[in-house]
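Taking it in order: structure first as structure tokens, then the write-up.
The numbers here are math on the coordinates, done by the rules we state, and not lab data. Keep in mind that what you see is a predicted model, and the values were worked out from it rather than measured. Glycine also receives a Cβ, built like all others from the backbone with ideal geometry; neighbour counts cover every protein chain displayed.
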């Protein structure tokens, strides 16, 4: 049975906005979100009351088709989820919680009303899970590819906000969860897309995805580590923190540059799951490279003293020590499993690197 498709021009911009309003008008268990919201989607701009005693956090992320996502293997529902998650992760990296979001969609003619509704289903699903409200945005036509921009506010206790700039020599460098799986999942999707393009009979083509479900989910539906952010800022003294969106190697360098320190990263301690190692072998890639340079993990990378880490060890087993902060003059090094030291190669996602 053919999927229903309603062309955008048949309902127009204001008809689309009316449909979007019905999708984002949902209940979130956090009652203060609704109590503090004075006016949402129904006006020119949203109005809300900041929570007394909190500082405000503001972040924004843009996603462009062909650069950040590929609709040949990524559903618009997954895209809606991910567009929210990458902003929620930024808030978590500051030690905060998300509050309100505005979504801007630039839509080419190939997009239908149903596809826009699916995007918002994914976005609302993420907002429900992580307790934030979509309170506005904009929709425009695009003469090229689809573009998504989300702006989000969050809140934090002013005494517990964590920046990139507080790392100190002697600190341990830690990450939550594991690394490399998202990039491994993307690599599999790109491989299967290439097989589809080259298939003699594309209609009969069946992608080989079953063994890689874990890695595919890590790419298509990553989870921001709000849980670990809360545990960290409420129980231990974190000196610096950043989320792993561009690759762990990049994030270590960002922390070092902001804190005016150096670092050593220990290859043998990088947390890499079995499925990621399997994919690395199949694609003749290095598991270390996936762990260091695979982006869109949305895990947290942070630094703290040995004393504070001893406290943390009693609270969770979801953290791995991957290195140590050192003096600035020592630079940023990768310590190989063999013990060999070398400058940590520059890598990770950079929009303007050739």
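Out of all DSSP beta bridges with both ends in region 8-157, state the antiparallel percent to the nearest 5. Intermediate values should be presented prior to the final figure.
Details: 22 of 31 bridges.
Antiparallel bridges: around 70 percent, rounded to the nearest 5.
Per 5 Å bin from zero, what fraction in whole % of the C-alpha pairs of region 153-257 is there, up to the bin with the longest pair?
All Cα pairs, binned at 5 Å, distribute as 2, 9, 16, 16, 15, 11, 8, 7, 6, 4, 3, 1, 0 percent.
Looking only at region 88-107, which residues have a backbone nitrogen under 15 Å from a spot 7 Å from the Cα of residue 138 in the C-beta direction?
102-107
Looking at the chain only, what percent of DSSP beta bridges run antiparallel? Nearest 5 please. Numbers along the way, then the final one.
Numbers: 43 of 56 bridges.
Bridges in the chain are about 75 percent antiparallel.
Please give the length that would be gained between residue 284 and residue 109 if that part of the chain were fully extended, namely 0.36 nm times their separation in residues minus their C-alpha to C-alpha distance (nm, one decimal). Provide the component values of the computation, followed by the final result.
Details: separation 175, 0.36 × 175 = 63.00 nm, distance 3.91 nm.
That pair, residue 284 and residue 109, stretches by 59.1 nm at full extension.
From Cα pairs below 8 angstrom and at least 6 apart in sequence, can you work out the relative contact order of region 164-343, rounded to a whole percent? Don't skip to the end; give the middle numbers.
Numbers: 357 pairs, mean separation 75.9, N = 180.
So the answer I get is 42 percent.
Pop out the Kirkwood hydrodynamic radius of region 164-343 from its pairwise C-alpha distances, inverse of mean 1/r, in Å to one decimal. Kindly include the intermediate steps, with their values, before the conclusion.
Values: mean 1/r = 0.0582 Å⁻¹.
Result for region 164-343 stands at 17.2 Å.
Any idea what diffusion coefficient region 19-72 gets from Stokes-Einstein, in µm²/s, Kirkwood Rh on alpha carbon pairs, 4 °C, 1.567 mPa s?
Working: Rh = 14.4 Å.
Answer from the Stokes-Einstein relation: 90 µm²/s.
Taking only C-alpha pairs under 8 Å that are 6+ residues apart, what is the relative contact order of the chain in percent? Mind showing how you got there, number by number?
Working: 723 pairs, mean separation 73.0, N = 354.
Normalised by residue count, the contact order of the chain is 21 percent.
Please express the Cα-Cα pair-distance distribution P(r) of region 8-157 as a list of whole percents, one per 10 Å bin, running from 0 to the bin with the greatest distance.
Histogramming region 8-157 at 10 Å steps yields 11, 43, 33, 11, 1 percent.
Which value in nm describes the separation of the simple spin-label points at residue 56 and residue 121, placed 7 Å from the Cα toward the beta carbon?
Label-label distance for residue 56 and residue 121, simple model: 3.4 nm.
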